[in-house]
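To start, the structure under review is shown below, and the notes come after it.
The values are calculated or read from the model by the stated rules, or taken from the named source; none is laboratory data. Worth saying up front: this structure is predicted, and the values here are computed from it rather than measured. Using ideal geometry, Cβ is built from the backbone for each residue, glycine included, and neighbour counts are taken over all protein chains shown. Surface areas here come from the heavy atoms of the whole protein model, side chains and all, with no ligands, DNA or RNA. Shrake-Rupley method; radii C 1.70, N 1.55, O 1.52, S 1.80 Å.
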Amino acid sequence: MSVRLWLLTALLLLESVLAILLQTLGWFETGGLLRQAACAMLALLPLAAAIVLVAWRGFRFSVQVMLIATALLTVFMWISVMPLYEALASRRGVQALAAEKIAVRDYCSNEHYFASLPYDPRPPAPPKPATRALPIWLQPLAGDAMRLPVDAAVREVKLHDDSQVAAFAAHVERFRSLTYVGVHSRGVSPFGMAALCGALARTPQLVQLHVTCPVPPGLLKSVPGVRCIWIDSGSRGVNQLGSQEINDLAALSKLSHLDLRHVRISDADLQLLAQSGTLRRIVLRAEGVTAEEIERLRSSMPGCQVMLVSPFRR
């Protein structure tokens, strides 16, 4: 068979495959697939050259052929395999979280809230880690993973169920810049909460904790270095915090900002907050506490701003 006939046959086969792809996948999906195929061919070019060289020499491995093939293989590993592996490996934890539909951010979503305060209780934000850009011919091969932040840049995570907690706990050490964790307690079982407490104990850089009622036993004790805590009811009803939760809050040695506007506490438990020597701002719900006890708390904590927020009335 002549070379011209081979070329015509290959062209006909290519046109047939392209027509089938356009009919089944559509224009955009086919274009993406062709782009990935072209990038894969470009990435494999040094390896293909090495194979062709060895085959052209009849698979006789002389010193010259071995040196050239080894050099081509090294180029293939250096410009294709290693950059792609590093890009995917640096996002391994985030990919596991994304698979569980976990909200992951490489920034703090409540910056506007802290900007409205007279002071910022948080330490300076960790610097973003340096990342090497993936070569343009490898980006289609990485797929949607390149849209995700690298593990070391993640600052905010929100968890709602056991599967999300399990994925987070399995990769928590990879999130070196994590400063905020939100937990919807009603969707997490006691077993999952125990795993979460163990994971949070391995995040000394954690600064902010947002949790809904009921506050699981041991959760507050697992974050001794946290500085800002928000506690919500997690439902339309307004839950009441007990003395155990208040004692755990007062025992946190670095806690400076506490927001309890969406839960109730009693007058008897209110004074337990005065045991804290670090609180500088407390936001309370103006329901269930008396003005006399609020003034008493303010007198007991002269360096702390105690604010009352009236409940929303429908």
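For region 46-68, the criterion of being under 30 Å from Ala130 (Cβ atoms), open to solvent by less than 50 Å² (accessible area, probe 1.4 Å) and either modelled with pLDDT of 75 or more or not hydrophobic (A, V, I, L, M, F, W, C) (or both) is satisfied by at least one residue. Among the candidates Val157, Val165, the residue that is within 30 Å of Ile282 (Cα to Cα), touching a residue at least 60 places away in the same chain (Cβ under 8 Å) and open to solvent by less than 70 Å² (accessible area, probe 1.4 Å) is uniquely Val157. Just one of the listed residues (Leu273, Leu206) is in a helix (DSSP H, G or I), on the phi < 0 side of the Ramachandran plot and open to solvent by less than 10 Å² (accessible area, probe 1.4 Å), and it is Leu273. Has region 281-300 got any residue that is within 22 Å of Leu209 (Cα to Cα) and in a loop (DSSP other than H, G, I, E, B)? No, the conditions are met nowhere in region 281-300.
Filtered by the rule that a residue be farther than 19 Å from Thr278 by Cβ, in a loop (DSSP other than H, G, I, E, B) and β-branched (Val, Ile, Thr), region 209-233 gives a lone residue, Val215.
For region 176-199, a residue qualifies if it is within 13 Å of Arg105 (Cα to Cα) and outside any loop (DSSP other than H, G, I, E, B), and the qualifying residues are Tyr180, Val181, Gly182.
Run down Asp144, Asp120 and say which single residue is out of contact with any strand residue (DSSP E or B) (no Cβ under 6 Å at 6 or more places or on another chain), open to solvent by 40 Å² or more (accessible area, probe 1.4 Å), closer than 28 Å to Cys213 by Cα and at pLDDT below 95. Give the derivation first.
On the way: Asp144 fails: closer than 28 Å to Cys213 by Cα.
Every option except Asp120 fails the conditions.
The residues listed here are Ala201, Ala194, Ala251; of these, the one that is open to solvent by 60 Å² or more (accessible area, probe 1.4 Å), under 26 Å from Met301 (Cβ atoms) and without any contact (Cβ under 8 Å) to a residue 60 or more places away in the chain is Ala251. Kindly establish whether Asp144 is touching a residue at least 24 places away in the same chain (Cβ under 8 Å), within 30 Å of Phe76 (Cβ to Cβ) and among the acidic types (Asp, Glu). Answer is no for this residue.
For Arg236, state whether it is open to solvent by 30 Å² or more (accessible area, probe 1.4 Å) and in a loop (DSSP other than H, G, I, E, B). Yes: the conditions hold for Arg236.
Give Arg155, Arg92, Arg147 a once-over and let me know the one that is under 30 Å from Ser256 (Cα atoms) and under 15 Å from the mean Cα position of the chain (by Cα).
None of the other options fit; the residue is Arg155.
All conditions but one from (1) touching an Asp or Glu at 6+ places or on another chain (Cβ under 8 Å); (2) within 19 Å of Leu117 (Cβ to Cβ); (3) open to solvent by 20 Å² or more (accessible area, probe 1.4 Å) apply to Met307; the one that does not is (1).
Going through Leu97, Leu72 one at a time, which residue ends up being among the hydrophobic types (A, V, I, L, M, F, W, C), surrounded by 15 or more Cβ atoms within 10 Å (Cβ to Cβ) and closer than 30 Å to Ala169 by Cα?
Leu97
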